[in-house]
Amino acid sequence: MASILVVDDSSAVLKIVRLALSSQGHTVITCNTGDKALEIIKSDPSIRLGIFDFNMPGISGINLIRETKKIIQNQKFKLLVLSVEDKPEIISNALFNGADAWMIKPFNNEQLIKQVTELFEEDVSL
């Protein structure tokens, strides 16, 4: 399966996402800041999916998306945002800046697994 980086300042969310996706055979790397995420992204080219919280201390969600897309030029890399934000203008701005999908918290494991599966299936259809 794939290597996935999950970034959230909530340890509970990190644990839930890690357990859900590792149960599907994915390798899940977690961290709690955008700055740490950028370090990991720079050092691990095997990451195929980023799952980012949008509202965290430090680097903004938009800047994390932009910086990640600058580092990873691979078209197969996907980016999913998990956030409590549901304002259309925020979501469309994130998608415009490089996010591939947006999920609103709270979510259930089945929704998350389905969304991740769909993002990876898009690769196959390209």
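Observations on the model:
- Residue count for the range 65-122 satisfying the condition of being assigned to a helix (DSSP H, G or I), more than 14 Å from Asp53 (Cα to Cα) and in contact with a helix residue (DSSP H, G or I) (Cβ under 8 Å, 6 or more places away or on another chain): 6.
- Restricting attention to the range 1-26 and to residues that are of a type in the set (A, V, I, L, M, F, W, C) and in a strand (DSSP E or B), the residue that is surrounded by the most Cβ atoms within 10 Å (Cβ to Cβ) turns out to be Val7.
- In the set Gly34, Gly58, only one residue is in contact with an Asp or Glu (Cβ under 9 Å, 6 or more places away or on another chain) and surrounded by 16 or more Cβ atoms within 10 Å (Cβ to Cβ); that residue is Gly34.
- Enumeration of residues in the range 35-64 that are without any contact (Cβ under 8 Å) to a residue 40 or more places away in the chain and under 11 Å from the mean Cα position of the chain (by Cα): Ala37, Gly61
- Here the condition is being free of Cβ contacts under 8 Å to residues at least 24 places away in the same chain and more than 12 Å from the chain's Cα centre (by Cα); of Gln24, Gln73, it holds for Gln73 alone.
- For the range 37-50, filtering for residues that are out of contact with any Gly (no Cβ under 8 Å at 6 or more places or on another chain) and either charged (D, E, K, R) or surrounded by 19 or more Cβ atoms within 10 Å (Cβ to Cβ) (or both) leaves 8.
- Ile29 without any contact (Cβ under 8 Å) to a residue 40 or more places away in the chain and buried (at least 16 other Cβ atoms within 10 Å of the Cβ): yes
- Residue match in the range 34-42 (condition: more than 20 Å from Ser11 (Cβ to Cβ), part of a loop (DSSP other than H, G, I, E, B) and hydrophobic (A, V, I, L, M, F, W, C)): no
- Test: Thr117 is loosely packed, with under 15 Cβ neighbours inside 10 Å, closer than 15 Å to Ile4 by Cβ and of a type in the set (Val, Ile, Thr): yes
- Flag: Ile104 matches the condition of being among the β-branched types (Val, Ile, Thr), exposed (fewer than 14 other Cβ atoms within 10 Å of the Cβ), under 13 Å from the mean Cα position of the chain (by Cα) and at pLDDT 95 or above.
The values are calculated or read from the model by the stated rules, or taken from the named source; none is laboratory data. Since this is a predicted model, take the numbers as computed values, not measurements. As a convention, Cβ positions derive from the backbone with ideal geometry for all residues, glycine included, and neighbour counts pool all protein chains shown.
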